[in-house]
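These notes are about the structure you will find just below.
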Amino acid sequence: MRIAILSSEAVPFAKTGGLADVSGALPKALKEHNVDARVVLPLYDLIERGLINQPAIESVPVDWRGEILPTRVWQSDTAGAPAYLIEAPEFFARPSIYGYGDDHVRFAFFSRAALALLKHLDWAPDVVHGNDWPCGFAVVELRARRRYDSLFQNTKSLFSLHNVGYQGVFDPGDLWWLGVGEPQDRGDFMLNRVASALKAGIVAADALSTVSPRYAREIQTPEQGHGLEWLLRARADRLVGITNGVDYSVWNPESDPHIAANFSLNDLSGKRDCKLELLRRFGLPEDLDRPIIAIISRLVAQKGYDLIRQIAGAILQTGSFFIALGAGNREYENFLQQWHDSAPKQVGIYKGYAGEPLAHQIEAGADMFLMPSLYEPCGLNQMYSMRYGTVPIVRATGGLDDTVKQFDPSSGTGNGFKFHSYDSGALLEKIHEALYFYDRPQTWRQIQQNGMAVDNSWTAAAGKYVDLYKKIMTI
């Protein structure tokens, strides 16, 4: 089986969120199922060139706006599976991955170049697996090419929706010169008088997937469909929810090179060393008996920062430390800064992305991990947290609801705490509940070990993708 995975980001090359983790881990996990999986992504300026360890393909002809552009493509196998990185400085030699007025142009070119690469390699995948709106262009393009290009005649498409809130909208006046697909395909982009690459991908794909079973149901409702619920309901027979996995070769406290001490389910003693190191990193008092509540996320409303802001004073009254890592909206960055300034010995913050090591150190050293999201398609940090004996406190939405089981003291089962109503009082109640059990070390140890024993590996998730690919190939 041949699978081409197209993504705007992938670990270890470029990352802003969970999409990169999935795109980096899935190809490697598919190899264990004897699948020839290859990932294609842009070559951004921010990518460490030391990760590229294979010769470049010097000249891939890309048909773009009526011209043939010879495009260099770099190769790497440092991620555990073949990766191709498309070099196009005009589009990708920029300080960040997203956030530009011509993002739709940049990723339309990427999609065109990715398919041109497959053509140049004479490598016909059984399935092209596009991810999120930047690859919606590729799904439309593939559908058109099947009509006239024998290489792609039998290639099917899977379009994965990691977050329906990001739709890749742009001026429909640009459609004609972007030349995506054929003229009759361009109406598929139209959504409320704008063009949407996500909407077009949903229409054109042979099958759809998203990153948790619950999110697959939620996006068919007005609350979570972001204006596309009607279309997703219409395509519900082609929509599957597969919960993301965790790459335990990267996220494993027994072997993690980034943390102060390694530890395991049966020997948690090293976690105390990690906690001490984390307190030192953020300049907080070295009081190992006080709990650390942590959060790592983009600073956007979706992640529940409005709720945190409403109960910031109450969190401090518990005596807990609070550590936050992330970047995003200025109002939430300002809130965190003001919170830190008001309680510098209790609140530690890092605004920005310090790279993977700090995220690992927070997961290993914290006692509780907060994810009070308004919506969360899958979420990975709650699964990382469980592996590191850090107990998640989450809102029961999307993948958070699928993966976190409420602790039941009567049976001793469950691996975290979750609330349902998007309400600051409900969040605070769960924080107090978690702190109550934190003060009972034997029970707390049971909750930690329950989470560490859960198998969220990519092995099982990759098997589900293989089954889905096989089904798509028969469509």
### Message
Checking the structure you have, find out if any residue of the stretch 58-70 is farther than 27 Å from LEU198 by Cα and either part of a helix (DSSP H, G or I) or under 23 Å from the mean Cα position of the chain (by Cα) (or both).
### Response
no
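The rows are residues; the columns are (1) closer than 21 Å to PHE437 by Cα; (2) modelled with pLDDT of 95 or more; (3) in contact with a His (Cβ under 9 Å, 6 or more places away or on another chain).
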{"position": "GLY355", "(1), (2), (3)": "no, no, no"}
{"position": "GLN361", "(1), (2), (3)": "no, yes, yes"}
{"position": "ALA366", "(1), (2), (3)": "yes, yes, no"}
{"position": "PRO372", "(1), (2), (3)": "yes, yes, no"}
{"position": "GLY379", "(1), (2), (3)": "no, no, no"}
{"position": "SER385", "(1), (2), (3)": "yes, yes, no"}
{"position": "TYR388", "(1), (2), (3)": "yes, yes, yes"}
{"position": "VAL394", "(1), (2), (3)": "yes, yes, no"}
### Query
What strands (runs of 3 or more DSSP E) completely inside the stretch 285-358 contain at least 1 residues that are open to solvent by 20 Å² or more (accessible area, probe 1.4 Å) and in contact with a Leu (Cβ under 9 Å, 6 or more places away or on another chain)?
292-296, 347-351
### Query
Does ALA14 qualify as being touching a residue at least 40 places away in the same chain (Cβ under 8 Å) and closer than 20 Å to SER209 by Cβ?
no
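Among the residues of the stretch 1-44, count how many are in contact with a Pro (Cβ under 7 Å, 6 or more places away or on another chain) and modelled with pLDDT under 95. I'd like the intermediate steps shown before the answer.
Restricting attention to the stretch 1-44, the residues satisfying the condition of being in contact with a Pro (Cβ under 7 Å, 6 or more places away or on another chain) are 2-5, 8, 24, 37-39.
Next, only the ones that are modelled with pLDDT under 95 stay: 24.
Of the residues in the stretch 1-44, 1 are in contact with a Pro (Cβ under 7 Å, 6 or more places away or on another chain) and modelled with pLDDT under 95.
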### Summary
Scanning the stretch 386-418 residue by residue, the ones that are more than 20 Å from PRO213 (Cα to Cα), surrounded by fewer than 24 Cβ atoms within 10 Å (Cβ to Cβ) and of a type in the set (Gly, Ala, Ser) total 3
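Looking for whichever is surrounded by fewer than 18 Cβ atoms within 10 Å (Cβ to Cβ), among the small types (Gly, Ala, Ser) and in contact (Cβ under 8 Å) with a residue 24 or more places away in the chain here; the options are ALA93, ALA113, ALA88. Which one fits?
After applying the criteria, what remains is ALA93.
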### Query
Across the stretch 136-178, which residue is most open to solvent (accessible area, probe 1.4 Å) among those that are among the hydrophobic types (A, V, I, L, M, F, W, C) and over 16 Å from ALA108 (Cα atoms)?
LEU151
### Message
Condition first: assigned to a strand (DSSP E or B), open to solvent by less than 20 Å² (accessible area, probe 1.4 Å), β-branched (Val, Ile, Thr) and under 22 Å from THR155 (Cα atoms). Can you find one or more residues in the stretch 15-37 that meet it?
### Response
no
### Query
Looking at the stretch 393-404, is at least one residue farther than 19 Å from ASN252 by Cα, in a loop (DSSP other than H, G, I, E, B) and not polar (S, T, N, Q)?
yes
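The values are calculated or read from the model by the stated rules, or taken from the named source; none is laboratory data. Because the structure is predicted, anything quoted here is derived from the model rather than measured. Counting neighbours? That spans all protein chains shown, and the Cβs are built from the backbone with ideal geometry, glycine included. Heads up: the accessible areas ignore ligands, DNA and RNA and are worked out on the full protein's heavy atoms, side chains in. Shrake-Rupley method; radii C 1.70, N 1.55, O 1.52, S 1.80 Å.
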